[in-house]
Amino acid sequence: QVQLVESGGGLVQPGGSLRLSCAASGSIFRIYTMAWYRQAPGKQRELVAGIGSDGNTNYADSVKGRFAISRENAKNLVYLQMNSLKPEDTAVYYCNAGIQVLSAQTQRYYWGQGTQVTVSS
């Protein structure tokens, strides 16, 4: 019923920038919180940044001042602008969203398939 599709990952040098995008599609009635998570090899998945439907944001301490999350509600899009990238930012980045579909009374959380970000010289 709902798909989240990420794009924008790739290989970048330390200090560089990338912009990730995530598009939600399907039988969507309303999207609540949207967020980006990441998972590095051998580590647990962690929250990177989140944004509510009202635009309020929160960030992991490790990315504050370097990453910025934003969304376009009319297009069901969420972005993650990543600047001053470090090798430790290397991970698979996942989009996550709380979505209420047309046939449901409540929201549930959906995940994208992930996009690889590699920071290396």
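The values are calculated or read from the model by the stated rules, or taken from the named source; none is laboratory data. Bear in mind the structure is a predicted one, so any value in this text is a computation, not a measurement. Cβ: placed from backbone, ideal geometry, glycine included. Neighbour counts: every protein chain shown. Just the protein is used for accessible areas: all its heavy atoms, side chains included, with ligands, DNA and RNA removed. Shrake-Rupley method; radii C 1.70, N 1.55, O 1.52, S 1.80 Å.
Pick from the stretch 21-31 the residues that are out of contact with any Phe, Trp or Tyr (no Cβ under 6 Å at 6 or more places or on another chain) and open to solvent by less than 60 Å² (accessible area, probe 1.4 Å): which of them is nearest to Glu88 (Cα to Cα)?
Of everything passing the filter in the stretch 21-31, Cys22 is nearest to Glu88 (Cα to Cα).
So which of Val5, Val12 ends up being crowded, with 16+ Cβ neighbours inside 10 Å and at pLDDT 95 or above?
Val12
Checking Gly98 against (1) more than 17 Å from Leu20 (Cα to Cα); (2) at pLDDT 95 or above; (3) part of a loop (DSSP other than H, G, I, E, B), only one condition comes out false. Which one?
Of everything listed in (1) more than 17 Å from Leu20 (Cα to Cα); (2) at pLDDT 95 or above; (3) part of a loop (DSSP other than H, G, I, E, B), Gly98 misses just condition (3).
Just need a number here: residues in the stretch 106-121 that are within 19 Å of Met34 (Cα to Cα), open to solvent by 40 Å² or more (accessible area, probe 1.4 Å) and in a loop (DSSP other than H, G, I, E, B).
Residues flagged as within 19 Å of Met34 (Cα to Cα), open to solvent by 40 Å² or more (accessible area, probe 1.4 Å) and in a loop (DSSP other than H, G, I, E, B) within the stretch 106-121 amount to 3.
Is at least one residue of the stretch 35-54 open to solvent by 20 Å² or more (accessible area, probe 1.4 Å), modelled with pLDDT under 95 and in contact with a helix residue (DSSP H, G or I) (Cβ under 9 Å, 6 or more places away or on another chain)?
Yes, the stretch 35-54 contains a residue that is open to solvent by 20 Å² or more (accessible area, probe 1.4 Å), modelled with pLDDT under 95 and in contact with a helix residue (DSSP H, G or I) (Cβ under 9 Å, 6 or more places away or on another chain).
Given the conditions (1) part of a strand (DSSP E or B); (2) of a type in the set (S, T, N, Q); (3) closer than 22 Å to Ser103 by Cα, which single one is not true for Ser53?
Going through the list (1) part of a strand (DSSP E or B); (2) of a type in the set (S, T, N, Q); (3) closer than 22 Å to Ser103 by Cα, Ser53 breaks only (1).
Out of the residues in the stretch 73-101 that are charged (D, E, K, R) and farther than 11 Å from Ala24 by Cα, state the one that is surrounded by the most Cβ atoms within 10 Å (Cβ to Cβ).
My answer is Asp89.
Of all residues in the stretch 63-72 being of a type in the set (Gly, Ala, Ser) and surrounded by 14 or more Cβ atoms within 10 Å (Cβ to Cβ), which is farthest from Thr118 (Cα to Cα)?
Among them, the one singled out is Ser70.
Given the conditions (1) in a strand (DSSP E or B); (2) within 20 Å of Gly10 (Cβ to Cβ), and given that Arg71 satisfies all but one, which numbered condition is not satisfied?
In the conditions (1) in a strand (DSSP E or B); (2) within 20 Å of Gly10 (Cβ to Cβ), Arg71 misses (2) alone.
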